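The values are calculated or read from the model by the stated rules, or taken from the named source; none is laboratory data. None of the values given here were measured: they were computed from a predicted structure. With ideal geometry, Cβ positions are generated from the backbone for all residues, glycine too; neighbour counts draw on all protein chains shown. With ligands, DNA and RNA removed, areas are computed over all heavy atoms of the protein, side chains included. Shrake-Rupley method; radii C 1.70, N 1.55, O 1.52, S 1.80 Å.
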Amino acid sequence: MTQYRRAWLAWVNAWNDREAPWGIALVRIGLALCLLWDLSWVGIERLVVPLWAPIQAGGWGDVLSRGDVPFVWRVLPPTAESAWAIWGTLMVSIAFVGLGILPRLSTIVFVLLYAQTASIMDDADRGIDTMMRNVLLILWWSPAWEVLSLRAWWRSGSFLGDGAHHPAWARQLLVLQLVVMYFGAGITKTGLGWMPWGGFTALYYILHDPAVARFDLGRSLDPLYFLTQFGSAITILWEYTSPLMLLFFWIREKPTALGRFRDFCLRWHPERLYVVVGAAFHILIAAGLNLGIFPFAMLAMYPAFAAPWAWNTWFKWLPGTPNPAPQIADVG
Amino acid sequence: MLALVIAVNGWVAIPIGPRVTEKDLARGDVKEQVDEWMGMLSKVGVTRPQFETFVLKGSGFFVDLDNTVSKPIHPFNQLLRTGQNWALFTGADRTPLRFALRGYTEDGTIVPLFRRLDPDATFMSDILNFRRVRGLYDLDRDEIPRRYKIFSRWVATRAFQAHPELVAVEVLQEEQRTPLPGQKPDMTVKQRFKFKVTREDLVPGPKALQDPSTPPPPPGPPGENPPASHGGQLP
């Protein structure tokens, strides 16, 4: 066997696990709820036309005079009613994604149309929107609809599905996506406020930035300045070292090599520390900063971090059997 | 397939660009950042012109390389608006901008309408604090983008409708340095990105014909003649 063939087989084997898709189904439902909330707010505040209609119909964007007119405005009449039709289609399709009705069709319709809204008004489309499109595209290929969905109920007679195991690669790819995002966010933090020689001042300044802060803190945070410095240091350390999570998850789910280090990881579970710090990071962001759905949508993706056997271990009434969790004694 | 997706997204995830220009390097906040880096780099013999040349050439090289490599997948990313550019809070703004909206009455009195995080100026706060709307006025550029003006006219129209006593509405950004603990606060507040809209500006006419965004004229004070225009000369 050539070394290329061996490498190829190792690659295929690495992505060939099977599991009950609880984690990725929860991601699907969580993201759908976040997007429904956000889009509902657009509708309730009557921002559909300002955000997404052409300027001639009352929008903020001079979208029709651009060189790259978005596809929707090449095929739809440039009216307020068309903008509301876009919004309605987004609402229905993401609700269908959450419920698991025509899941693949509704997901691709949502992603394509959501991308059009980004093309129409890119100022109103943030990093978290790009992230959600990325993740929904992963879900499109995934078995996220095989449990906790109306499709599961239709096929198996139970909303919880039939307990069958499905390919795990989509959840693993989602974990990779999250790590890429965190690491990318870390290495682009070039401001000196994130560096030790800059005094780790970044978080203090961010919490006082009126554009994003939730409260006008004035000088009230000064006695806790050291905590903001600690938070800045932890943030940058966590983001820089986030690729380690991939190693820890790999060892957790494929404990086949690396000897003592593997034993250490299986005994102490450092990946749990990373997940807890990451979740705390988003909860604190939600408390201190007004970034809309960003922290909630990020937390909605965290079920992907859970071990594939964890759900059936935590909730024994779920259908199916847990994957065998690796034990230190088994891998000596 | 997976290998291809990971390879392509792996390339896209490399944090390249945008291209840094001499104009960027002349910007106040960027100059401040360069100053801080020079504080360290000068100790190892790097001069400011050397560093700036390195940044300009380096960014140009990598942006050109990225454009070449990413060209085949660019249409795909444009269609789906996916990407791997995760620049989140790359730096902390020491002189942040605070969006504000204020009205002027006929006698020149200033009426605070909205000011970020100010509990006494909360007009349209549900809308103006919304993350998607914040993107319209959360500026990091040295010039006022056209959308900002269109957005300002829209906000002004709403303000005129809710406050018939107003003859002009102004959007602006207050820039003030954030002091660190122990530092003496600098109370200087620079007003930037100011854009004033009068009721007359919103009346359809030759000027309005040039700008299709012009909304219908808002109702004036009941029982009064339309207010005289103050152009941009109100205090």
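Key figures for this structure:
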{"quantity": "Single residue of A:PHE261, A:PHE226 found to be closer than 30 Å to B:GLY182 by Cα and among the hydrophobic types (A, V, I, L, M, F, W, C)", "calculated": "A:PHE226"}
{"quantity": "Options A:SER65, A:SER82, A:SER119: the member that is of a type in the set (S, T, N, Q), within 29 Å of the chain's Cα centre (by Cα), surrounded by fewer than 23 Cβ atoms within 10 Å (Cβ to Cβ) and closer than 23 Å to B:VAL133 by Cα", "calculated": "A:SER119"}
{"quantity": "Exclusive hit being more than 7 Å from chain B (Cβ to nearest Cβ), touching a strand residue (DSSP E or B) at 6+ places or on another chain (Cβ under 8 Å) and at pLDDT 95 or above, set A:LEU207, A:LEU237, A:LEU203", "calculated": "A:LEU207"}
{"quantity": "Test: A:ASP123 is farther than 30 Å from B:LEU4 by Cα, modelled with pLDDT under 95, not hydroxyl-bearing (Ser, Thr, Tyr) and not assigned by TED's automatic domain parsing to the domain that holds A:ALA53", "calculated": "no"}
{"quantity": "Matching residues in segment A:27-48 - criterion: being closer than 18 Å to A:PRO295 by Cα and open to solvent by 60 Å² or more (accessible area, probe 1.4 Å)", "calculated": "A:LEU33, A:TRP37, A:TRP41"}
{"quantity": "Helices (runs of 4 or more DSSP H) wholly inside segment A:74-185 that include at least 1 residues being of a type in the set (Lys, Arg)", "calculated": "A:103-120, A:127-141, A:150-156"}
{"quantity": "Residue among B:LEU65, B:LEU128, B:LEU166, B:LEU117 that is in contact with a strand residue (DSSP E or B) (Cβ under 8 Å, 6 or more places away or on another chain) and touching a residue at least 40 places away in the same chain (Cβ under 8 Å)", "calculated": "B:LEU166"}
{"quantity": "The lone exception for A:ALA7 - which of (1) over 18 Å from A:TYR114 (Cα atoms); (2) at the interface with another protein chain (Cβ under 9 Å from one of its Cβ atoms); (3) hydrophobic (A, V, I, L, M, F, W, C); (4) surrounded by fewer than 20 Cβ atoms within 10 Å (Cβ to Cβ) it fails", "calculated": "(2)"}
{"quantity": "Single residue of segment B:94-115 satisfying the filter (at the interface with chain A (Cβ under 8 Å from one of its Cβ atoms) and touching a Leu at 6+ places or on another chain (Cβ under 8 Å)) that is least open to solvent (accessible area, probe 1.4 Å)", "calculated": "B:PHE99"}
{"quantity": "Residues of segment A:10-26 satisfying the condition of being open to solvent by 40 Å² or more (accessible area, probe 1.4 Å) and either away from every other protein chain (no Cβ under 14 Å) or aliphatic (A, V, I, L, M) (or both)", "calculated": "A:ALA10, A:VAL12, A:ARG18, A:LEU26"}
{"quantity": "Filtered residue count, segment B:12-53, keeping only those that are more than 24 Å from A:GLY198 (Cα to Cα) and open to solvent by less than 70 Å² (accessible area, probe 1.4 Å)", "calculated": "3"}
{"quantity": "One residue from A:LEU112, A:LEU102 being on the phi > 0 side of the Ramachandran plot and either out of contact with any helix residue (DSSP H, G or I) (no Cβ under 6 Å at 6 or more places or on another chain) or away from chain B (no Cβ under 14 Å) (or both)", "calculated": "A:LEU102"}
